[in-house]
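Comments concern the structure below.
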Amino acid sequence: MIPRRLLPTLTAALAEAPAVALLGPRQVGKTTLALEVARARPSVYLDLESEADRARLADPEGYLAQHEDKLVVLDEIQRAPQLFQSLRGLIDAGRRRGRGRGRFLVLGSASIDLLRQSGESLAGRIRYLELAPLDAGEAGRARLDALWLRGGFPESLLAGSDAASLRWRADFIRTYLERDIPQLGPRIPAETLRRLWTMLAHQQGGLLNAAALARSLAVDGKTVAAYLDLLVDLLLVRRLMPWHGKVRKRLVKSPKVYVRDSGLVHALLGITDAEALLAHPVAGASWEGLAVESLIAAAPLGTEAFFFRSAAGAEIDLLLKLPGRRQPWAIEIKRGTAPKLERGFHLACADVQPEQRRVVYGGDERFPIGDGVQAVSLPDLCEELGAA
C-alpha cells in the first residue's frame, strides 16, 4: 500500500484536539489510515455499519465511558449522527478530569448531516481533515500514467489490469448511486444523478452553467444546484472558485467544476485504456483535473485555491494562496513536454502579482522559461508545495 502523507498530520491533530473527523469518499482509505494510527496506542474500533457494533452503542455514554483511556475510532459516523451529542458530553467530562485530547477519531463520507451535526454539537472540540484519493505527489513518478488513467482510489490504482480497474470504478459509481446516496437521505433518481455526473465529466474543468445543465436534465435550476451541492459535499466534485483579489478588471464570476478523481471521469465516459484516453477530447481537461487535485492536496493545510479569468481572456489555471502569504502562487497546467505560455497567462500575472510562477508540464526536467516562470513536473511541484 502506498503511504499517505496525511498520516503525520492526523497523528498531530489527535495530539491537539479532543476529536478529529477524517472525511472522504468511500473506499479512499480512511479505515486503513485510521487503523494505522490506532495501532500505535490503546484503541477500540467500531464500524457503525455493523449491527453488532451499533448494538454496543445502544447506551453510548455508558459504553464509551468505559474506554476513556483509549482512542475510540467510529467508522461510517453518518450512520449514527445522533452520537455527536453524546461525544460532546464525554469530551467535556474528560476535559474536567484532564483527559481532553485524542479521545475520538470519527470517519465519514462527508455527508451534509455529518457536517451539520458535528458543527452544532462539537464546535471547538473537533478538527476536520480530508482524505482525498491518492495524488501525484503520493503515487510518485513511476505510477503517474496509471494514476491519470485509473484515478487515485487505492483499489482502482493498484488493480491487476486496466480492465479490472475499470470494473472496480464502474461498481463504485453504481454503489454510490444506488446504495450510498439513498442511505444519506436525499431521494434523488439514480439515473438523473448519473447523467449529471456524466455531463460534468464531459465538461471537466469548464465554467459552471447551471441553466444549461438544468435544461439537459429537464429539471429546474434549484434542483441542479442541490444535486451539485451533494456531489461537492461527498468530495466527488470540486467547485474551484474565481479569484476575488483587488483587480480592476471585469472577471469571470462562475466557478469551474471538476470531477475530482480522473479515474471516475474516464469510467463515466467509457474510456477503457491509455490509448483511448490519449485520443479522447477530454484528455487535456482530465490531466488538468489531476494536476489541480494533486497540487491542492500537496499544499499546506489552510491553503486556498482559485482560478483567474478575465472577460478579456487573461487566465491562470490555478492560484494557491498559502497560509501566511500575502500573494498566491500562479500555476499554469500543460500536458505536453514542450510547454508554451499564452499571452493571457502573463497578462493575468501582471494583475495578480503572484509570489511564484510555475507551469506544470509532462516532462521531468525543471527549467526557466522566462518572466520568472519555471517549468516543473507535477510530482516535483507537489514536493515543492509540501515543503513550502
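What follows is calculated from the coordinates using simple rules that are stated; it is not laboratory data. Please read all numbers here as calculations on a predicted model, not as lab measurements. Here the Cβ is made from the backbone with ideal geometry for all residues, glycine too, and neighbour counts use every protein chain on show.
Once fully extended, how much extra length lies between Glu342 and Thr272, figured as 0.36 nm per residue of separation less the alpha-carbon to alpha-carbon distance?
Once the chain is fully extended between Glu342 and Thr272, it gains 22.0 nm.
List the lysines whose Cα sits under 20 Å from the Cα of Lys70, skipping any in the same chain fewer than 8 residues away.
Straight-line reach from Lys70, under 20 Å: Lys30.
What longest range of the chain stays clear of loop-exposed trypsin sites (Lys or Arg not before Pro) (DSSP non-H/G/I/E/B, at most 12 other C-beta within 10 angstrom)?
Looking at the chain, 98-186 is the longest stretch - no exposed trypsin sites (Lys or Arg not before Pro) with at most 12 other Cβ atoms within 10 Å.
For every helix of n ≥ 4 consecutive DSSP H residues, a contribution of -39,500 (n - 2.57) applies; sum these over the chain, divide by its total residues, and give [θ] at 222 nm rounded to the nearest 500 deg cm²/dmol.
-12500 deg cm²/dmol
Per-residue HN-Hα couplings for segment 147-155, Karplus 6.51 cos²θ - 1.76 cosθ + 1.60 at θ = phi - 60°, whole Hz, x for Gly and Pro?
Computed from phi, the couplings for segment 147-155 are 4, 4, 5, 8, x, x, 5, x, 5 Hz.
From the Cα trace of segment 6-130, what convex hull volume per residue do you get, rounded to a whole Å³?
So the per-residue hull volume is 93 Å³.
Please report the spacing between the Cα centers of segment 206-221 and segment 343-388 in Å, no decimals.
34 Å
Against the longest alpha carbon principal axis of the chain, how many degrees, from 0 to 90 and to the nearest 10, is the axis of helix 162-175 turned?
Around 60 degrees separate the two axes.
In terms of the Cα gyration tensor, with a ≥ b ≥ c the square roots of its eigenvalues, is segment 136-387 rounded because a/c is under 1.5, prolate because a/b exceeds b/c, or oblate?
oblate
Label-point separation (nm) for Ala93 and Gln327, each offset 7 Å from Cα along Cα-to-Cβ?
Label at Ala93, label at Gln327, 5.5 nm between them.
With the crude spin-label approximation of a point 7 Å out along Cα→Cβ, what separation in nm comes out for Tyr63 versus Asp180?
Each label point lies 7 Å from its Cα, and together they span 2.4 nm.
Could you name the aspartates and glutamates in cross-link range of Lys246, using Cα to Cα under 19 Å and dropping any fewer than eight places away on the same chain?
Here the aspartates and glutamates satisfying the reach criterion relative to Lys246 are Glu304, Glu315, Asp317, Asp351, Glu355.
Expressed as an acute angle from 0 to 90° and rounded to the nearest 10, what is the orientation of the C-alpha long axis of helix 378-387 relative to the principal long axis of the chain?
60 degrees
Need one number: nm distance between label points at Glu130 and Ala190, each 7 Å from Cα along Cα→Cβ, rounded to one decimal.
Taking the two extended label points, one gets 2.7 nm.
If the reach is capped at under 25 angstrom between alpha carbons, list the lysines near Lys334, excluding any in the same chain fewer than eight residues apart.
Correct list for Lys334: Lys253, Lys256, Lys321.
Return the Rg/Rh value of segment 334-388, two decimal places, where both radii are evaluated on C-alpha atoms and Rh is the Kirkwood radius.
That ratio is 0.96, to two decimals.
As a test, work out the antiparallel percent of DSSP beta bridges whose residues both lie in segment 136-387, rounded to the nearest 5.
Approximately 60 percent, going by the DSSP bridge assignments.
Grab the beta carbon distance between Arg167 and Ala211, set R0 = 35 Å, and tell me the FRET efficiency rounded to 0.05.
0.45
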